[in-house]
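The values are calculated or read from the model by the stated rules, or taken from the named source; none is laboratory data. Please read all numbers here as calculations on a predicted model, not as lab measurements. Positions of Cβ are backbone-derived with ideal geometry, glycine not excepted, and every protein chain shown enters the neighbour counts. Ligands, DNA and RNA are excluded from the accessible area calculation, which covers all protein heavy atoms including side chains. Shrake-Rupley method; radii C 1.70, N 1.55, O 1.52, S 1.80 Å.
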Amino acid sequence: LRQREAAGRGLPFQRLKTDRAFHTVAVEAMQGAYSAALADVSFSKGRIPVLSNVTGSWHSTAPTADYWIEHLRRPVRFQDNLRELSERFPSCVVVEVGPTVLA
């Protein structure tokens, strides 16, 4: 939905404020620090099905640090994710989750 439509329906939303374009060459400068931060992270396969924004399809294994580095730079395959989701769960409701609570 666009902002106007969301506001008209009483849906909370928040525009993201950022000084860079994510999933583009603009994030390459921080890839080394991001990779270092991921070095000590243990990844495991999700308990529920998880879609990949990199491939547009379902994760069959646990994502790795390399996957998240690739995720940083690749285009988000959100439309492919929605197609996969609607094929598997035709009556689904999509909710995008972020780190901030909207009130």
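Observations on the structure shown:
- Per-region count, the range 18-51, residues open to solvent by less than 60 Å² (accessible area, probe 1.4 Å) and of a type in the set (D, E, K, R): 0
- The numbered conditions (1) modelled with pLDDT under 85; (2) touching an Asp or Glu at 6+ places or on another chain (Cβ under 7 Å) are all true for SER57 except (1).
- Within the option set ARG2, ARG15, ARG9, being closer than 25 Å to VAL93 by Cα, free of Cβ contacts under 8 Å to residues at least 40 places away in the same chain, open to solvent by 70 Å² or more (accessible area, probe 1.4 Å) and within 17 Å of the chain's Cα centre (by Cα) holds for one residue only, ARG15.
- Every residue from the range 64-98 that is in a loop (DSSP other than H, G, I, E, B), within 28 Å of ASP40 (Cα to Cα) and over 13 Å from the mean Cα position of the chain (by Cα): THR64
- GLY98 meets the conditions (1) under 26 Å from GLU28 (Cβ atoms); (2) surrounded by 10 or more Cβ atoms within 10 Å (Cβ to Cβ); (3) at pLDDT below 90 in every case but one. The failed one is (2).
- Residue match in the range 52-66 (condition: open to solvent by 70 Å² or more (accessible area, probe 1.4 Å), farther than 21 Å from SER86 by Cβ, of a type in the set (Val, Ile, Thr) and in contact with a helix residue (DSSP H, G or I) (Cβ under 8 Å, 6 or more places away or on another chain)): no
- Matching residues, the range 32-55, being under 17 Å from the mean Cα position of the chain (by Cα) and under 13 Å from GLU70 (Cβ atoms): TYR34, LEU38, SER52, ASN53, VAL54, THR55
- Applying the criterion of being within 30 Å of GLY32 (Cβ to Cβ) and charged (D, E, K, R) to the residues of the range 73-87, the residue that is least open to solvent (accessible area, probe 1.4 Å) is ASP80.
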